[in-house]
Each structure stands twice: as C-alpha cells, then as structure tokens.
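*Asks:* My questions all concern the structure below.
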Amino acid sequence: MARVKSGYKFTATGQAQYKGRTWYRIKDNKWILGTNTVTTKKYASIKAKAAKTAKQKKVVALANAQVGKAYVWGATGPYSFDCSGLTMYAYKKATGLTLPHYSVSQLYYGKAVSTKKLVKGDLLFFGSKSAPSHVGIYVGGGKFVHASSPTVGVIKSKVSTNRSSAFYPSSARRVI
C-alpha cells in the first residue's frame, strides 16, 4: 500500500466501504484508504465555516470601531447611531446584509439562540422578548457593543446575568 503526502489533492472517481473503512478510487483504478482524507463535501463545509467566522470577526471589529461615537435617535452612521442603526450599519458594511432599522424588526432575522451560548456577532435584544426596545452586538468575552443613549453614545458593556438589570438580554439571534 502506497502512502500519499499530506496536502495531496486528488479527484475520487469512486468510493467503497470495506470492513468498516472508506476507500476512494483515484486514477487508473487505484484505491486509497480514506484515513485523514477530506472529501469535497467536508472541504466545502470547512470552507463555509471559515467564511462564517471571518464575517463574524468583521462585524465585531466594525462594532468595536464605533465605540465612542455619538447616539442620535434615527441615525444609521457613520458618525452617529441609534441602537438598531448601529447593528444595521455593522452588518451592512461587514457582510452586505441589510437589516431593517428597528429593533423589533431585527428580531425576526437569523435564528434564535440561547443567551447562554452566544458567539461573536450575535444580536442581543433587551426589554420585552416579543417587542424589544434595545439591540446590540455581542463581541465576545461577555461583552456587547451598543448605541446606549444620548448621554453616553456607543459603548461596550458587560452582558448582565442579573435578570433585573437593564443589560440582561431578553433574547438573541444568530444572523451569520
């Protein structure tokens, strides 16, 4: 049995199961054992996950770059924001995705996720679970960026675990 160097690419023209192992047919009817091989389907999955992670990082970097800017009701950037204007701006600039300019409308994008299993880039909603009054972007490390109020502007805050806190999220959505 010949070994193939790591990183070698081949096109499989067939696949067979023998004694619980997967074998791939390559040129000239030669077969290789599927140990440590990455199929096209797996490769596509790995590539998609990497693209998703890159988008999440872009959203987080863009959200963090807005910290210190002014809060203006109805503003969508780039110099000032309201809460949904900030999330709308970050997602549009980082991923090309257009979110509506209203926290309640943004609640219907992506999929619902547990606030205990957040990943960078998730949207966090505050207030009523069905009609949130505030939204921000989870940036990791138990923190989120949001356009808070006219007096403090865009800030990074800690996600609260205290249900009576204003920064305790009522729900979260994974848009990416």
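The values are calculated or read from the model by the stated rules, or taken from the named source; none is laboratory data. These numbers come from a predicted model, not from an experiment. No Cβ is skipped: glycine too gets one built from the backbone with ideal geometry, and neighbour counts run over all protein chains shown. For the accessible areas, the whole protein counts, side chains as well, though only heavy atoms, and no ligand, DNA or RNA atoms are used. Shrake-Rupley method; radii C 1.70, N 1.55, O 1.52, S 1.80 Å.
*Asks:* Rounded to whole Hz and in sequence order, give me ³J(HN,Hα) for the range 58-66 from the Karplus expression 6.51 cos²θ - 1.76 cosθ + 1.60, θ = phi - 60°, writing x for Gly and Pro.
*Replies:* Ordered by residue, 3J(HN,Hα) equals 5, 4, 5, 4, 5, 4, 4, 5, 8 Hz.
*Asks:* Further question on the same structure: Would you mind giving the three semi-axes, in whole Å and largest first, of the ellipsoid equivalent to the chain according to its Cα gyration tensor?
*Replies:* 46, 17, 13
*Asks:* To test your reading of the geometry: what angle, between 0 and 90 degrees and rounded to tens, separates the Cα axis of helix 83-95 from the longest principal axis of the chain?
*Replies:* 30
*Asks:* Report residue 53's accessible area, 1.4 Å probe, all protein chains in place, as a number in Å² to the nearest 10.
*Replies:* About 50 Å², rounded to the nearest 10.
*Asks:* Distance check, please: which entries in 111/156; 52/158; 57/143; 57/156; 92/120; 58/116 exceed 19 angstrom between their Cα atoms?
*Replies:* 111/156; 52/158; 58/116
*Asks:* Under a Cβ-only charge scheme (Lys and Arg +1, Asp and Glu -1), can you give me the dipole magnitude of the range 41-152 about the Cα centre, in debye to the nearest 20?
*Replies:* On the way: 17 positive and 2 negative charges, 172 e Å.
About 820 debye.
*Asks:* Let me ask something else. Students often get this wrong: which residues of the range 128-168 have the backbone nitrogen under 16 Å from the point 7 angstrom along Cα-to-C-beta of residue 104?
*Replies:* 128-135, by backbone N distance to the label point.
*Asks:* Now for a separate question. I need the trypsin sites (Lys or Arg not before Pro) found in the range 61-162, filtered to DSSP loop residues with at most 15 other beta carbons within 10 Å of theirs.
*Replies:* Sites meeting the loop and neighbour criteria: 116, 117, 129.
*Asks:* Same structure, new question: Mind checking the full-extension length gain between residue 168 and residue 9? Use 0.36 nm per residue of separation minus the Cα-Cα distance, one decimal, nm.
*Replies:* 52.3 nm
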